[in-house]
Amino acid sequence: SAAHPHLNGRKLRVAVIGGGPAGSSAAEALASGGIETFLFERSPSTAKPCGGAIPLCMVDEFSIPHHLIDRHVTKMKIISPSNLTVDFGSKSLRAHEFIPMLRREVLDAFLRNRAESAGAQLIPSLVTHLEIPSSSLSPYIIHHTVNNSRKTLAVDVIVGADGANSKVAKFIKAGNYTCAIAFQERIRLPDEKMEYYQNLAEMYVGNDVSPDFYAWVFPKCDHVAVGTGTVCGKQDIKIYQQGIKQRVKNKIEGGKVIKVEAHPIPEHPRPVRVRGRVALVGDAAGYVTKCSGEGIYFAAKSGRMCGEGIVRASEGGEWMISEDDLKREYLMEWDKKYVSTFRFLDLLQRVFYGSNEAREALVEVCGSEYVQRMTFDSYLYKKLAKGDRLEDLKMVFATFGSLMRCKIVGRDMAAFNL
């Protein structure tokens, strides 16, 4: 048809803007499928601040070499506002299971290099402007700078993978979304302190560390990442960072801060994720889960699904594609697969992160081995786990019981403090 002409003498040209897990995975899928692919990344030597945990299924699904993994976390602790501590995983993880921890600068470089090996052309440059075409067949013009020189590139399709502050999203008027802010410090600990975090990650909840999220201590190759995130109190993020450092003061005493990082994190998908021949993936699309704040896997997965969808719609780069193709081959497939997961985690965050009493209940509920097993099955393998109906019913009653008990305890504590 006129809307889908055959591209005689050339292949479909696609620009991927942003070289993180989302962009690199999209570029690899596109180049492997026969598309002429350009991958724009303004700072290949840097990486987004990130806790660095990925689900176990990602290692095999994305062929992540094991030598890139810094730590095999087999123990987790979740600590309540009153310092009630629950060991999360020591009994419920199976023998072969662990949570891989890695550094984003290592993972991102690996994925970009693999995209290049597949045939994508890496362009280390800053994209400054997009010219939106006036017709369904005209090209998009990408204005960018390379070594202070202004250049342009004409392409048929654009994949926006340029993070929470996406320029691509702004140019296509994709709408706004609420952003959290994540702040973390990388701290090199003395050997005896680092030994404690050898295969252990910690999560802290409480108004002192975040009014609506959690704080963390995650182990890296030779240091730990200590950080927090918030939506409600972004202006007070440094106060909450001091809060988590105070909670873990004895465990990190003698450590040296080697890097300070901060970055916005989307709290929900954008109102528009496909417009014209432009698709948004990863943080640019808003694919970060509530409650857990996880984004690496969903970034890489959305990039790959988008790239593969473009390959299918264009039949290996032979045909022009349209907005309807992107919605059918990418957006509908993504929503069908993951929208229920995002909604469920959004519900959990609203239930358990609204007050210190609810956070106490959350930690109490996490003491159940059944809850832990269901949580790990869902997290490690990226699908909502199917449980036992009787155990599910028990879990619901236990959750209500914990919420009621902790709210009563919370009122008693407040009265006592007065």
Can you compute 3J(HN,Hα) from phi for each residue in region 52-65, using the Karplus curve 6.51 cos²θ - 1.76 cosθ + 1.60 with θ = phi - 60°, rounded to whole Hz and x for Gly and Pro?
x, 7, 10, x, 4, 4, 5, 4, 7, 4, 10, 6, 7, x
GLN121 long-range amide H proximity, modeled H, under 5 Å:
THR37, PHE38, LEU39
Helix 369-381 versus the longest principal axis of the chain: what angle, 0 to 90°, nearest 10, using Cα atoms?
20
Report, in degrees rounded to the nearest 10, the 0 to 90 angle that the Cα long axis of helix 237-247 makes with the longest principal axis of the chain.
40
Heavy-atom surface of region 264-336, accessible at 1.4 Å and reported per residue (Å²):
31
Would you look at the GNM of the chain, springs on alpha carbons closer than 10 Å, and say which of ALA15, ALA300, ALA118 moves the most?
ALA118
In 10 Å bins starting at 0, how do the alpha-carbon pair distances of the chain split up by percent?
5, 21, 30, 24, 13, 6, 1, 0
Distance in Å, no decimals, from the C-alpha centre of region 138-178 to the one of region 62-126 is 29
Name the residue farthest towards the positive end of the dipole of region 172-271 from the options MET203, PRO269, ILE237, assuming +1 on Cβ of Lys and Arg, -1 on Cβ of Asp and Glu, about the Cα centre.
PRO269
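Quote the relative contact order of the chain in percent (integer), defining contacts as alpha-carbon pairs under 8 Å separated by 6+ residues.
So the answer I get is 22 percent.
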Place +1 on the Cβ of every Lys and Arg and -1 on the Cβ of every Asp and Glu in the chain, take the dipole about the Cα centre, and give the residue among SER92, SER43, VAL339 whose Cα lies farthest towards its positive end.
SER43
Please list, short to long, the whole-number percent of alpha-carbon pairs of region 247-380 in consecutive 5 angstrom bins beginning at zero.
2, 8, 14, 16, 14, 13, 12, 8, 5, 4, 2, 1, 0
Within the chain, percent of DSSP bridges classed antiparallel, to nearest 5
70
Show that you can apply the helix-only estimate: for the chain, add -39,500 (n - 2.57) for every DSSP H stretch of four or more residues, divide by all residues, and state [θ] at 222 nm to the nearest 500.
-11500 deg cm²/dmol
Using a 1.4 Å probe on the protein chains only, how many percent of the accessible area of the chain belongs to carbon and sulfur?
55
Toy charge model, Lys and Arg Cβ at +1, Asp and Glu Cβ at -1: the chain dipole around Cα centroid in debye, rounded to 20, equals 540
Residue by residue, what Karplus-based ³J(HN,Hα) values in Hz, rounded to whole numbers, does region 140-157 have, using 6.51, -1.76 and 1.60 with θ = phi - 60° and x for Gly and Pro?
7, 10, 9, 8, 8, 10, 10, 6, 6, 9, 7, 9, 10, 9, 9, 9, 8, 9
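So how many Lys-Lys pairs in region 1-125 land under 30 Å Cα to Cα, not counting same-chain pairs under 8 apart?
So the count works out to 4.
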Zone of ILE239's modelled label, taken as backbone nitrogen in region 320-361 under 19 Å from a point 7 Å along Cα→Cβ:
354-357
Taking Cα atoms only, helix 356-365 is inclined relative to the longest principal axis of the chain by an angle, in degrees rounded to 10, of 90
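The values are calculated or read from the model by the stated rules, or taken from the named source; none is laboratory data. Here the structure is a predicted model, which means the values were calculated and not measured. Reconstructed Cβ throughout: ideal geometry from the backbone, glycine too, with neighbour counts over all protein chains shown. These area figures cover heavy atoms from the full protein model, side chains too; ligands, DNA and RNA do not enter into them. Shrake-Rupley method; radii C 1.70, N 1.55, O 1.52, S 1.80 Å.
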